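The values are calculated or read from the model by the stated rules, or taken from the named source; none is laboratory data. Since the structure is predicted, the reported quantities are computational estimates derived from the model, not experimental observations. Cβ placement follows ideal geometry from the backbone for every residue including glycine, while neighbour counts extend to all protein chains displayed.
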Amino acid sequence: MFKFDSLQILHQDMMKKDESRDLFPFSYNGKNFSCIFVTDITPIRLYLTTLGNAPITFELEINKDYCTSPYLDDYKLLVAYLDIKYDPNYKFKPVDFFEALNRKIPRVFMNAPSYKEVIQVASLKRNIEEADKIYFCGWRSNPLGSSVREKNLEKTRSAFGDQIADMCKQKNISSRWTDIDSEEDLARLNEIYML
């Protein structure tokens, strides 16, 4: 396991400021990433997204001790993006990348990502329904005999955290989404407590 000491320090600062998500930049080997640290989901998630027309997202699940697996599912994609050339004397490992990232993670909260940014990034790694619909527009109580779908719960979890997603599962409520920005209705977010 690899321990991200800097994430622990950042998370402590976020808790002091009552923040659960942070957005920060990272650069390695001249290549840039947008990072989103999500702490209101268990396990904690750290998303690293490449910049450009065809972004690639890497997701790290971080345990309660701020540790992650030293392996990376998309290792070959990372090596290609970083433009790392073959070296017979040294093989690049994900831990090399993690160590550099750990040194560059801010120690104080910087900027909260919007729920839309988190959905866009998470949808590249998670099984989220209707990934193109990123604007929240309300709730729907599912009728008897019908259940909230797992893909909807994952989208709700990515957007609003475990607490809201768990409430949706318990009350059999689906979050509703649109791809039309003018139909976004964040005023309806708190209605879940009345359903």
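Values as computed for the structure displayed
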| item | result |
| --- | --- |
| Among residues of segment 9-30, those that are assigned to a loop (DSSP other than H, G, I, E, B) and crowded, with 17+ Cβ neighbours inside 10 Å, counted | 2 |
| Total residues in segment 147-191, condition within 15 Å of Asp40 (Cβ to Cβ), in contact with a strand residue (DSSP E or B) (Cβ under 9 Å, 6 or more places away or on another chain) and either aliphatic (A, V, I, L, M) or assigned to a helix (DSSP H, G or I) (or both) | 11 |
| Any hit, segment 83-99, residues being under 17 Å from the mean Cα position of the chain (by Cα), over 15 Å from Arg45 (Cα atoms) and surrounded by fewer than 14 Cβ atoms within 10 Å (Cβ to Cβ) | no |
| Any hit, segment 111-130, residues being over 13 Å from the mean Cα position of the chain (by Cα), of a type in the set (D, E, K, R) and outside the structural domain of Glu19 (by TED's automatic domain parsing) | yes |
| Among (1) under 21 Å from Asp162 (Cα atoms); (2) touching a residue at least 24 places away in the same chain (Cβ under 8 Å); (3) in contact with a strand residue (DSSP E or B) (Cβ under 6 Å, 6 or more places away or on another chain) - the single one Phe24 does not satisfy | (1) |
| Failed item in (1) closer than 26 Å to Ala165 by Cα; (2) without any contact (Cβ under 8 Å) to a residue 60 or more places away in the chain; (3) among the polar types (S, T, N, Q), with Asn53 passing the rest | (1) |
| Residue check, Ile44 touching a helix residue (DSSP H, G or I) at 6+ places or on another chain (Cβ under 7 Å) and under 21 Å from Ile119 (Cβ atoms) | no |
| Residue within segment 89-97 that is hydrophobic (A, V, I, L, M, F, W, C) and free of Cβ contacts under 8 Å to residues at least 24 places away in the same chain present | yes |
| Among (1) at pLDDT 95 or above; (2) under 28 Å from Asn127 (Cβ atoms) - the single one Pro55 does not satisfy | (1) |
| Test: Ser6 is hydroxyl-bearing (Ser, Thr, Tyr), surrounded by 15 or more Cβ atoms within 10 Å (Cβ to Cβ), at pLDDT 95 or above and in a helix (DSSP H, G or I) | yes |
| Whichever residue in segment 102-152 is of a type in the set (Lys, Arg) and more than 26 Å from Thr68 (Cα to Cα) and, among such residues, is surrounded by the most Cβ atoms within 10 Å (Cβ to Cβ) | Lys133 |
